[in-house]
Every structure is written in structure tokens, then in C-alpha cells.
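Quick note: the coordinates plus some simple rules give every number you see, no bench work behind them. Computed from a predicted structure; not experimentally measured. We place every Cβ from the backbone using ideal geometry, glycine too, and count neighbours over all the protein chains shown.
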Amino acid sequence: MNPLLAFLRPNAWRVFHRNLLAWKTFAWSSITINIIEPLVYFVAFGYGFGAYFSFGGQGSLLQYLGPGMLALTAVNAATFDAAWGGYERLTTNGVYESMVTAPVEPEEIAAGEYLWQAFRATLYGAIFLVVIAALGLVHSWLALLCLPVLALTGLLFAIPALYVAFIVKTPEHLFYYFALLVTPLVMFAGVFFPLDRLPRWTQYVAWATPLYHAVSACRALIAGTPSLSTLREVGWLALAIVLVVWLPQRVLRRRLSG
Amino acid sequence: MSGEEIVEATELKKDYGTVHAVRGINFHIRRQECFGFLGVNGAGKTTTMKMVYCRIGATSGKLRVVGLDAASHSAEIRRRLGVVTQANALDPELSVLENLLTYASFFDIPASRSRAKADGALALLNLSGRTGDRVRELSGGMQRRLVIAKALVTDPELLILDEPTTGLDPQARLLVWETLAALKRSGLTIVLTTHYMDEAARLCDRIAIMDEGRIFALGTPAELIAAYAAPDVLEVSGADGEALAAAAGSLLVRRERLGETDYLYTRDNGALLHALAVHGIELQRHVARPATLEDVFLNITGRELRD
Ligand SMILES: Nc1ncnc2c1ncn2[C@@H]1O[C@H](COP(=O)(O)OP(=O)(O)O)[C@@H](O)[C@H]1O
Ligand SMILES: [Mg+2]
């Protein structure tokens with residue numbers, strides 16, 4: 001089954017719906033945790049460090065952090081559930097095992113997970129966007145265009161997280177994925193500090209990280225100053241998705257047919 | 001569709017790397033019968049079931065299910081089956097009703113109809129009052145019944161159950177047995193695996209005895225007992241088996257020894273006991289009883305079925 005066509009299959013949306021049902025029962029605590037935590041960092045860094053540093057001509061640190069934390073919130077919402085949730089649904093909880101006794105294909109299950117994680121990223125991002133708008137940090141209605149960007153970002157982060165969830169032998173190995181890969185890349189994505197004063201290699205690293213492109217696009221949209229380069233950032237995200245989308249689908253088929 | 005037969009396996013084989021889980025088996029399952037695979041752990045029962053419900057592909061051999069080739073029509077076959085897997089078959093994050101409705105949705109059953117079907121299946125399994133419960137709030141017996149309800153919600157042509165009562169207490173087992181017996185009476189075709197002799201004897205029209213990836217015998221319980229165990233058995237503990245055999249002479253059809261116990265198979269326990277008495281053999285601990293599937297299993301595989 002073509003990995004991209006799997007998105008269009010009704011079963012992918014039924015898998016999405018299953019995740020929505022499971023999420024519903026603890027939605028409030030999930031939202032609270034996913035919003036409060038970045039907000040605490042945001043306020044602590046923004047007001048705390050902001051009192052000591054100033055950005056030449058770029059406004060306050062709070063202003064700078066807003067779009068970065070927005071993208072990060074979306075990424076976390078998608079990545080954690082993809083990794084831990086995906087692992088549980090494949091192994092301990094047997095959710096996928098049950099699905100493949102029905103006429104459901106592994107590619108459709110993976111596509112349903114993609115849709116679900118993109119939805120989580122968008123929803124939690126939207127809530128965070130409302131919060132920073134209330135703080136007076138959003139300057140344009142174009143900021144609403146951040147939501148599709150966050151959907152793509154969540155999807156792009158969910159894909160490798162699901163891939164790892166589907167290949168690890170024990171859930172402890174997921175910690176390695178976060179500690180060794182996700183966290184370091186987040187640091188060089190221009191979320192917390194701009195990279196233009198750092199050594200040149202950090203900018204190459206940043207260019208290779210998906211979050212950097214998401215943050216740049218959101219920053220431009222929230223400031224109300226999108227340009228051709230914003231479109232390029234979105235194109236980078238979309239292209240990356242197309243390049244890796246088949247990976248979790250392939251391992252999932254192997255896991256559910258051997 | 002090939003008439004009577006709902007499952008046809010020919011030289012069906014499954015290797016996991018160097019492990020030969022199923023070593024070329026042949027069987028046919030007829031519509032409206034209850035067919036059982038009886039065997040100890042590791043016999044290859046689950047592997048066989050997984051091939052039938054298209055969870056895994058065969059290494060070689062031919063398999064047709066509901067008239068379709070399992071190698072090429074996996075999704076169409078799954079659409080027509082009800083499956084109770086050995087473990088892990090319920091979604092712990094969903095309620096009882098959500099479990100059924102979500103599962104039904106994968107069979108293209110519209111939401112408007114699946115609610116009525118779910119209510120029917122829950123009523124049949126005595127779970128009507130539990131629709132809003134989470135799965136983990138149910139007892140082991142209720143969970144097992146819910147898995148069966150889930151398998152029935154899609155109106156399957158064939159119900160497959162992998163060890164339906166393993167781990168259940170006697171009362172919960174009885175409830176599951178009664179449900180399966182009622183389903184069978186209503187005309188549903190059932191395939192189950194078990195390592196409980198009484199379960200196989202009670203529910204199954206025909207039984208395949210499996211061991212080490214092979215089917216050693218296949219037939220109705222009565223046929224199997226007639227073919228592989230004389231009608232009577234005398235179990236004697238702590239005696240000299242050779243001496244018993246000598247005294248029994250031609251009355252002895254077959255003798256098996258398991259641990260401290262000799263199993264003397266004979267056409268007539270009365271005559272055998274008489275012959276032993278005539279030869280002056282005093283039996284300390286012994287049981288005279290009709291032969292069962294357990295004896296068939298022992299005679300065929302040389303091992304005990306009970307755990
Ligand atoms: N996924 C697997 N990988 C390797 N070996 C397996 C796998 N599944 C089953 N086996 C082996 O195949 C044999 C048959 O197993 P199984 O079909 O589960 O038996 P049963 O259900 O009768 O207990 C056993 O030796 C088991 O260890
Ligand atoms: Mg088994």
C-alpha cells in the first residue's frame with residue numbers, strides 16, 4: 001500500500017478516532033500538563049533571563065521565545081504520545097494486534113497514528129497560541145497560519161518517534177531516543193536563543209533539524225512578516241515528511257505479520 | 001465456495017527461523033461443526049490459528065479459508081471471521097461499548113447499525129449492564145466474554161478461539177462453555193484450541209490431536225477413543241508393570257507407564273481384574289474407568305495432557 005495513499009483510507013481515520021476516544025477520558029489532564037509545562041519555562045526564561053539580556057532590535061526575550069515555545073509545545077505533544085503511546089499500543093496493550101484481526105492493514109494503522117499526532121500538535125499548539133496572544137505577544141492574524149505549520153511539524157516528529165517505538169525491544173530504549181537525539185536537536189533549533197552569534201556549524205545543524213524550520217516559519221507568521229523564505233521552511237517540512245513517511249509503516253508491517 | 005468445507009489446509013507448514021512450529025499438517029473444517037485442536041503448550045496450535053486468521057503467512061502449503069486462498073485474500077478472509085486471540089485482545093483505554101463499536105467500524109459497519117449489534121452481542125454474553133465500564137474493571141471471566149462478544153459483533157461465518165478458557169476459574173469456564181454450545185446450536189462454525197481434555201470432549205464434534213507441530217490423529221471423540229484407547233483403562237500405581245502385563249496376557253490391549261502409574265488398556269475392566277486376581281496379584285492403589293481423550297493423548301504422544 002502506498003504510504004501516502006494510506007492517509008485517505010477510511011481505516012486510517014478509524015484508527016484516529018480510536019485514539020481520540022482513548023484520549024477523551026483524560027483530555028483535561030493531558031492538556032494541562034502539555035500546556036502548563038512549556039508555559040512555566042516560557043515565563044521563567046522570558047521574565048527571568050529577560051531581565052538580564054536584551055536583544056538588539058528584536059524586542060523582548062519573551063517576544064523571542066513565544067514562537068519557539070509554540071513549536072516546541074506542538075512537537076512535544078506529538079512526540080511523546082507517538083513514542084510511548086505507539087510502543088504501548090503495539091506491545092503491552094495489544095491495540096494493533098486486535099486491529100489486524102479485522103480487515104485493517106499496518107500501513108493504515110501507521111497513517112492513523114500520523115493523523116492523530118498531527119492533530120495533537122495542532123490542538124496543543126492552538127491552545128498555546130491563544131495563551132501567548134492573551135499575553136499580547138501576537139501581532140498578526142497571520143499567526144493562525146501557524147496551525148497548519150504545526151500540523152506538519154507534529155507529523156514530521158511523530159514519524160521517527162513511531163519508527164523508534166516500533167523497533168525498540170524495551171521501553172527504556174525510548175529514553176535514549178529522547179536524550180541523545182530529540183533534546184540536543186531542540187537546543188540548536190533556535191527556540192531559546194538565536195543562532196546568528198554562534199559558530200557557523202551550529203547553523204548547519206539547525207538547518208538539518210526540522211524544528212528550526214518550524215520555529216522560523218512560526219516566528220515570521222506571528223510577527224506578521226512572512227516571506228518567500230517562510231514558504232521554503234514549510235516546503236522543507238513537507239519534503240522531509242515525504243522522505244521518511246514510509247519508515248514506520250514498513251516496520252509495523254513486519255511486526256504485525258511475522 | 002467449496003461447499004461444506006470452511007477451512008482446508010494441505011501440507012501447511014510454518015517455520016520461525018530454525019523452529020519448525022507447524023510441520024506440514026492437513027485438515028478440513030466443515031461448516032456448522034465445532035472443531036478443536038488439542039495439544040500441550042508449544043504443540044503449534046496458536047501458530048496454526050494465526051495462519052487461519054491471516055495474522056501470519058504460511059512457510060509452505062495451501063490454506064483456503066471461507067473458500068478463499070489465505071495467501072492472496074487476507075483482508076477478505078479477515079472480514080468474514082471472528083477471532084478470539086490467546087491474549088491481549090481488548091483495548092484497555094476504551095470502555096466496553098467503545099471496544100465493540102471501534103472494532104465493528106473496521107468492518108465498514110455503519111455506526112447506526114453497530115450499536116444494535118453491540119447491544120445484542122453484550123446481551124448474549126451477559127454483559128449488558130457493563131457498557132460504560134473500562135476493561136480493567138471487569139473480572140477475568142467477564143473480559144473473556146467481552147472478547148467473544150467483540151468477535152461476534154461483526155456476524156462472522158467462522159468463530160476462532162485460541163484457548164478460550166485458559167486461566168479462568170471453573171464457574172467462568174462453565175459460562176463460556178454454555179455460550180459456545182449455544183452459538184454452535186445456532187449454526188455458527190467454531191474452531192478452538194485447548195489443552196483441556198474436558199473442554200475438547202464437551203464442545204467439539206471433531207478433534208485434531210497436535211504435538212510438536214504435527215497432527216497425530218483426527219476424528220470424533222468416540223472415533224479417537226475407539227482407535228487409540230481400548231474402551232476401558234485400569235490405572236495401577238506402584239506395581240510391577242511387567243508382572244501385570246504377564247498376568248493380563250491377551251486381555252491387555254496396550255500398556256503405558258507414566259511416572260509411578262501403569263495404564264492397562266483393555267476391552268473389559270471386569271475381565272482384567274479377574275485375571276489379575278487369578279494370578280494372585282494384589283492391587284494396592286488402582287482405578288478402573290472407561291477410557292477418555294486423555295488416554296488417547298497419552299497413547300499417541302506418550303505424554304500427559306493435564307497440567
Ligand atoms: N513468533 C515466534 N517466533 C519464534 N518461535 C515461535 C514464535 N511463535 C511460536 N514459536 C514457537 O513455535 C512453537 C509452537 O508455538 P505455538 O504455536 O504458540 O504453540 P501452542 O499454541 O500450541 O502452545 C513453539 O515451540 C514456540 O516456541
Ligand atoms: Mg497457544
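Projected label points at B:A111 and B:S128, each 7 Å from Cα along the beta carbon direction, are separated by 2.5 nanometres. Among A:144-152, B:105-113, B:147-155, sorting by the average number of other beta carbon atoms lying within 10 angstrom of each residue, highest first, gives B:147-155, A:144-152, B:105-113.
For the stretch B:156-222, the dipole from Cβ point charges (+1 on Lys and Arg, -1 on Asp and Glu) about the Cα centre works out to 240 debye, to the nearest 20. Counting Cβ atoms of other protein chains within 10 Å of each residue's Cβ and taking the mean over peptide A:98-110 gives 6.
What's the extension gain from B:R267 to B:R136 if we count 0.36 nm per residue and subtract their Cα-Cα distance?
On the way: separation 131, 0.36 × 131 = 47.16 nm, distance 5.14 nm.
Computed gain between B:R267 and B:R136 is 42.0 nm.
Using a simple spin-label model with pseudo-atoms 7 Å out from Cα toward Cβ, B:E76 and B:W177 lie 3.9 nm apart.
Placing unit charges on the Cβ atoms of the charged side chains and taking the dipole of the stretch B:5-225 about its Cα centre, the candidate lying farthest along the positive direction among B:H73, B:L188, B:I225 is B:H73.
Go through B:203-212, B:222-231 and give me the packing order, highest mean Cβ count within 10 Å leading.
Details: B:203-212: 22.3, B:222-231: 17.8.
Put in order of decreasing packing, that is B:203-212, B:222-231.
Across peptide B:99-112, the mean count of Cβ atoms from other chains lying within 10 Å of each residue's own Cβ comes to 4. Along the axis of the charge dipole computed for the protein assembly as shown (Cβ charges of +1 for Lys and Arg, -1 for Asp and Glu, origin at the Cα centre), the listed residues A:A238, A:Q117, A:I167 are led at the positive end by A:A238. Taking every residue in A:32-43 and counting other chain Cβ atoms within 10 Å of its Cβ, the average works out to 0. Please give the charge dipole size of the stretch B:5-225, origin at the Cα centre, charges +1 on K and R Cβ atoms and -1 on D and E Cβ atoms. Round to the nearest 20 debye. That gives the stretch B:5-225 a dipole magnitude of about 240 debye.
So between A:L20 and A:S229, what do we pick up on full extension, going 0.36 nm a residue minus the alpha carbon distance?
On the way: separation 209, 0.36 × 209 = 75.24 nm, distance 3.49 nm.
Between A:L20 and A:S229, full extension yields an extra 71.8 nm.
For the protein assembly as shown, the Cα-based Rg and Dmax, in that order, read 31.4, 115 Å. Shape analysis of the stretch B:5-225 yields a ratio of the Cα radius of gyration to the Kirkwood radius, Rg/Rh, of 0.96.
Take each of the peptides B:290-300, B:249-259, average the number of other beta-carbon atoms within 10 Å over its residues, and list them starting from the highest. Walk me through the numbers on the way to the answer.
On the way: B:290-300: 21.3, B:249-259: 13.8.
In decreasing order of mean packing, B:290-300, B:249-259 become B:290-300, B:249-259.
Between B:A245 and B:D15, the modelled labels are 3.8 nm apart [label points 7 Å from Cα along Cα→Cβ]. Listed by Cβ neighbour count within 10 Å, with the fewest neighbours leading, B:S72, A:S30, A:S216, B:S128 appear as B:S72, B:S128, A:S30, A:S216. The Kirkwood radius of the stretch B:230-290, taken over pairs of alpha-carbon atoms, gives through the Stokes-Einstein law at 20 °C and 1.002 mPa s a diffusion coefficient of 194 µm² s⁻¹.
Note on the protein assembly as shown: with charges restricted to the Cβ of Lys and Arg (+1) and Asp and Glu (-1), its dipole about the Cα centre is near 1700 debye. Among DSSP beta bridges lying fully in the protein assembly as shown, give the percent that are antiparallel, nearest 5. Once the DSSP bridges in the protein assembly as shown are tallied, antiparallel ones form about 70 percent.
Here the residues A:R200, B:R31, A:R120, ranked from fewest to most Cβ neighbours within 10 Å of their Cβ, fall in the order A:R200, B:R31, A:R120. Residues A:C218, B:C54, arranged from fewest to most other Cβ atoms within 10 angstrom of their Cβ, appear as B:C54, A:C218.
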